[in-house]
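The values are calculated or read from the model by the stated rules, or taken from the named source; none is laboratory data. Everything quoted here is computed from the prediction, not taken from an experiment. Ideal geometry is used to build each Cβ from the backbone, glycine not excepted, and the neighbour counts take in all protein chains shown.
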Ligand code: FES
Ligand code: FES
């Protein structure tokens, strides 16, 4: 059954400006906060002069240090904790990176808080620092030694098989650091209601915020509410507790006033995570026909001094093709920055850029068509585990895509195609994959005498359309109008609110909602299928508003994972499940044009054919594809966070100096879905889409640029000077 | 709609400023450093207008002053004395009926997270009024001051195109 086209259920709020994001609250007696930040690359504060700041009229509080017993460390998300990094500013004199907060100012007005923050002066003891992965002082560790629970992928004997391969490709790729820059700034309104702490903050992980801030302040998590109905873009930047919330809560308690903090755009480049720099050496061994015999993927991956943010690049590069021998080796390079972290397609984006660029090199080295070479290396089983893939329609994505894109009209010779205006034309292809992860979920569903159905479930609405997908599922199942379905997500008052990321949101929430529907039907005395007259059925039960609660876990996940999720801890599982391995798959086709005189690179059209299981909500899925492809174009041609070798930290910390794709950069983006439910995974059959749609785009762009110019592009972003 | 915020501890040099917002008269004692954006959001609680950068780079804060689009984060509020400000809250009809451009945004799914959307709608209205809709390329250029990190650009362009074509038809 195909899902009908129905719009986004919260579009009306969004076009009228009534959707309420973190900072869109102005409680009475609100005070405004601002951070002053460190201006050195590394060292310690010797003294902090706050006198001038305190003298600004309207300033109520200037805090430079908290006690360990009033504010504890939050723990690193990937190390069993709650926060994007373990380091909590304002607990010691240590400055680990430029831009680290050194004082918190709270004032009656925003202008007073801003003025005061500018007046904070610190004296420092400066230490040498390293901000680039090749800088002196950067140190590296082998990931599988430092983090044995994130082992490298190894299959067969890749070194030997590579050495014996008749065709050898050996290429190194550099992917820059990048920042998520969602349009909504990092911001919170923090408020005490008696002993209850209420945090309004747009987050992808309300559960970690609740438990993390409770642990930091020694509160009962049950006394913390985190409310995040809408998120102005997440992309990984809001997937953990941020270090401002604890200090804000303490300031609000001292002042007995609600406090709002909107972190200025410049500061956001240092106050949250970012995509780390990574370097990838890809070696491919093949026979003369291009059949892969071995692949080796060595990655250097930036992290901070205080946390080891793991790399998982080889998780997908080992599975794109039937490679009998695979050798992964990932090194973590420690630098003096805040801890990097997840940004849309965190591992898969850079990994696919590198690997799929190398596969294109192999196609040219063996004289094969890049689509045909990929088809010839297809696999139905997971080469790493030997398990079947729960579903893999990648070959179909490629053939359908080639047909739809007009690939057969491509002259494979580099530099051979020109447009009427003299621009060089290049067509490129690449594939992508994203692991299917699922997390435990709790769903609570009630039906009212007015016929409305309310569902509260684990999940966060960050624009991907989870609210619409849930509403649609309920409406279709019960045969009720979609307007009669009320969806509550991102709210710790209705469900634990496990992290929504890795495109698992919908794949996690929908099975729980599906299960709740079965229970609700029983409570309403309705059959397992067919339309339900909700209002009449509710009245017949004699209860005001029958409610059911169900829990769900991913395939093979032990029920204890629910307890972890309820404790605000990371509890997702996959992509290897007991009986199968699950990935979503995509093929991307891109056309570039390079203007003859300016060498400006444009992308007039792109096509994505995706195998994401069942399409849960066609309208929002279409937008997800377009958004993901635009991210890929932006990754390939625009985005790079430059570090400052003189003073530490990042340099281009505004939306002007950190360009992202704008409307004029984007023309036609076509897409198609295989739309086959993955029933091994769940009854609902959805895999994941949000990240998949950008994975492979950058490689397709780079391969198209090669086709247009004959110049290989081994580093991103590709700029005019790279195609001179 | 007048909301007074605490003036305790305000420095001297406040400027009494009156203007209209969505047709209603407002009057404040303003610090000359206060942006129109912050006055709209924090004093008037018109939070539909968003802050995405506070530096004039993103367009999330776009409003109309006397019918022309401006970024309200770079507009000192004292400068709008005597002018008419329109925000996203003033775009739909009083009975709640969406403006055709808002409806086109819904129909074309011209949004994801929705954070840039009020600014896109305000800029889109201006783009239409300015007549920068001859080609889709024109729309893209004249809408490029409004960033959308979710990448809803194709829907945004389609929504503006739809209204431009409707308007043309009614004019013919
Ligand atoms: S907030 Fe005004 S342009 Fe970004
Ligand atoms: S809809 Fe999210 S930034 Fe535009």
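For region B:77-118, what are the residues that are touching a helix residue (DSSP H, G or I) at 6+ places or on another chain (Cβ under 7 Å), closer than 22 Å to residue B:162 by Cβ and within 16 Å of ligand 1 (Cβ to nearest atom)?
Of everything in region B:77-118, those that are touching a helix residue (DSSP H, G or I) at 6+ places or on another chain (Cβ under 7 Å), closer than 22 Å to residue B:162 by Cβ and within 16 Å of ligand 1 (Cβ to nearest atom) turn out to be B:88, B:114, B:117, B:118.
Conditions: (1) more than 16 Å from ligand 2 (Cβ to nearest atom); (2) at pLDDT 95 or above; (3) not in a helix (DSSP H, G or I). Residue B:3 meets all but one. Number of the miss?
Condition (2) is where residue B:3 drops out.
So, of the residues in region A:660-687 that are assigned to a loop (DSSP other than H, G, I, E, B) and without any contact (Cβ under 8 Å) to a residue 24 or more places away in the chain, which turns out to be farthest from the other protein chains (Cβ to nearest Cβ)?
If we take residues in region A:660-687 being assigned to a loop (DSSP other than H, G, I, E, B) and without any contact (Cβ under 8 Å) to a residue 24 or more places away in the chain, then A:679 is farthest from the other protein chains (Cβ to nearest Cβ).
Just a yes or no: is a residue in region A:162-178 within 16 Å of ligand 2 (Cβ to nearest atom) and within 14 Å of chain B (Cβ to nearest Cβ)?
No, the conditions are met nowhere in region A:162-178.
Which of the numbered conditions does residue B:104 fail, given that it passes all the others? Conditions: (1) assigned by TED's automatic domain parsing to the domain that holds residue B:155; (2) more than 16 Å from ligand 2 (Cβ to nearest atom).
(2)
Quick check on this structure: which one of A:628, A:632, A:690 is within 9 Å of chain B (Cβ to nearest Cβ), under 18 Å from the mean Cα position of the chain (by Cα) and buried (at least 21 other Cβ atoms within 10 Å of the Cβ)?
A:628
Against the definition (away from ligand 2 (no atom under 16 Å from the Cβ), touching a helix residue (DSSP H, G or I) at 6+ places or on another chain (Cβ under 8 Å) and more than 9 Å from chain A (Cβ to nearest Cβ)), how does residue B:39 come out, yes or no?
It is true that residue B:39 is away from ligand 2 (no atom under 16 Å from the Cβ), touching a helix residue (DSSP H, G or I) at 6+ places or on another chain (Cβ under 8 Å) and more than 9 Å from chain A (Cβ to nearest Cβ).
Among the numbered conditions (1) within 8 Å of chain A (Cβ to nearest Cβ); (2) closer than 30 Å to residue A:109 by Cβ; (3) away from ligand 2 (no atom under 16 Å from the Cβ), tell me where residue B:117 comes up short.
(3)
Could you tell me whether region A:292-311 includes any residue that is in a loop (DSSP other than H, G, I, E, B) and under 26 Å from residue A:405 (Cβ atoms)?
Looking for residues that are in a loop (DSSP other than H, G, I, E, B) and under 26 Å from residue A:405 (Cβ atoms), one finds none in region A:292-311, hence no.
Out of A:257, A:266, report the one residue that is surrounded by fewer than 24 Cβ atoms within 10 Å (Cβ to Cβ), within 29 Å of residue B:116 (Cβ to Cβ) and within 11 Å of chain B (Cβ to nearest Cβ).
A:266
Residues in region B:50-61: is at least one more than 10 Å from every other protein chain (Cβ to nearest Cβ), in contact (Cβ under 8 Å) with a residue 12 or more places away in the chain and either over 24 Å from residue A:22 (Cα atoms) or more than 16 Å from ligand 2 (Cβ to nearest atom) (or both)?
Looking for residues that are more than 10 Å from every other protein chain (Cβ to nearest Cβ), in contact (Cβ under 8 Å) with a residue 12 or more places away in the chain and either over 24 Å from residue A:22 (Cα atoms) or more than 16 Å from ligand 2 (Cβ to nearest atom) (or both), one finds none in region B:50-61, hence no.
I need a count of the residues in region A:185-204 that are within 16 Å of ligand 1 (Cβ to nearest atom) and not in a loop (DSSP other than H, G, I, E, B).
Total meeting the criteria: 1.
Conditions: (1) within 16 Å of ligand 2 (Cβ to nearest atom); (2) modelled with pLDDT under 95. Residue A:232 meets all but one. Number of the miss?
(2)
Return only the number of the condition from (1) within 14 Å of chain B (Cβ to nearest Cβ); (2) within 30 Å of residue B:33 (Cα to Cα) that residue A:100 does not satisfy.
Condition not satisfied by residue A:100: (1).
Select from region B:62-100 the residues that are without any contact (Cβ under 8 Å) to a residue 60 or more places away in the chain and on the phi > 0 side of the Ramachandran plot and write down the one among them that is farthest from the other protein chains (Cβ to nearest Cβ).
Filtering first and then ranking leaves B:66.
What do you reckon, is residue A:182 at pLDDT 95 or above, part of a loop (DSSP other than H, G, I, E, B) and buried (at least 24 other Cβ atoms within 10 Å of the Cβ)?
yes
May I ask you to verify whether residue A:489 is crowded, with 24+ Cβ neighbours inside 10 Å, touching a residue at least 60 places away in the same chain (Cβ under 8 Å) and in the same structural domain as residue A:443 (by TED's automatic domain parsing)?
So residue A:489 passes the test.
Filtering region B:20-34 down to residues that are within 9 Å of chain A (Cβ to nearest Cβ) and crowded, with 21+ Cβ neighbours inside 10 Å, which residue is nearest to ligand 2 (Cβ to nearest atom)?
It comes out as B:34.
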